[in-house]
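Q: Have a look at this one.
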Amino acid sequence: MRRIVYAACGVTLMIGLFFVFVWAPHPWGWEGFDHYHQLALVLAHGGGFPTLDVPWGYAGFLAAFYRLFGDHPAIPLLAQVALNSCVPLLVFVAAREWFDARVATVAALLAGLCSFNTVYASTQSSDAVCTVLFMLAIVAFIAARRDNRWPMAHRCKSMAPSQFSKRADNTSSMCRFFSHAESDCYRQNLKRSNASSKPKACSHWNANGSCRSFRGASEL
């Protein structure tokens, strides 16, 4: 099964490179549609971030490459295509927490072959990098929860890339995932021992509180 997942990662990489250097099924070119190219160049030359229309995180990601290599948009695109090729493996690892290897492998194949993020990876859009950060946070959260390392689990929640994603529903979905996962763990621990339920209850409250805080901030 692992070989199939790694093959899906390789195919995702090849498709992404094809979209960058040969042909892409979108009209935006390398520089994208949210003016991230211009914003990143301003940051790379020491300027400030001049807008609140888009989050600053992805522009900072691009600016790091422009600062090191100059105005060559293909270089950060190669980096995000490579990052995007890790998504099938991350999906497999996350899915194995709740499903068997066959289901997790199918999920990885679908993520590798059918994800529209591979299209977005070929232009300067934050979607591909956001997806990798989302999945990394989920995988890290699952590992911390499995080992009952709740301080680490709460730190994983802070990895939610709110400064990368311009869509509030993306980060809100992340909060809902953490809240449901912690609620499930709380119920399991409550069944095992009433004495150990208090710290888990606090974790559950913190998850819901962080979601409420995000929703309140997104409405401003």
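Q: When you check Leu89 against the structure, is it modelled with pLDDT of 95 or more and over 14 Å from Thr12 (Cα atoms), yes or no?
A: no
Q: Then there's this: Could you list all residues from region 32-69 that are among the charged types (D, E, K, R) and crowded, with 16+ Cβ neighbours inside 10 Å?
A: Answer for region 32-69, where residues must be among the charged types (D, E, K, R) and crowded, with 16+ Cβ neighbours inside 10 Å: just Asp34.
Q: Test of understanding: among Ala111, Ala24, which residue is of a type in the set (Gly, Ala, Ser) and in a helix (DSSP H, G or I)?
A: Ala111
Q: Mind checking which residues of region 84-120 are more than 17 Å from Ile138 (Cα to Cα) and among the acidic types (Asp, Glu)?
A: Across region 84-120, the qualifying residue is only Asp100.
Q: Would you be able to tell me the number of residues in region 18-69 that are of a type in the set (Gly, Ala, Ser), more than 23 Å from Val132 (Cα to Cα) and in contact (Cβ under 8 Å) with a residue 12 or more places away in the chain?
A: The qualifying residues number 1.
Q: Determine, yes or no, whether Val81 is touching a Gly at 6+ places or on another chain (Cβ under 6 Å), assigned to a helix (DSSP H, G or I), modelled with pLDDT of 95 or more and buried (at least 20 other Cβ atoms within 10 Å of the Cβ).
A: Yes.
Q: Would you mind telling me which numbered condition in (1) outside any helix (DSSP H, G or I); (2) closer than 12 Å to Val139 by Cα Pro55 fails?
A: Of everything listed in (1) outside any helix (DSSP H, G or I); (2) closer than 12 Å to Val139 by Cα, Pro55 misses just condition (2).
The values are calculated or read from the model by the stated rules, or taken from the named source; none is laboratory data. Model, not experiment: these values are computed from the prediction. Glycine gets a Cβ as well: all are built from the backbone with ideal geometry, and neighbour counts include every protein chain shown.
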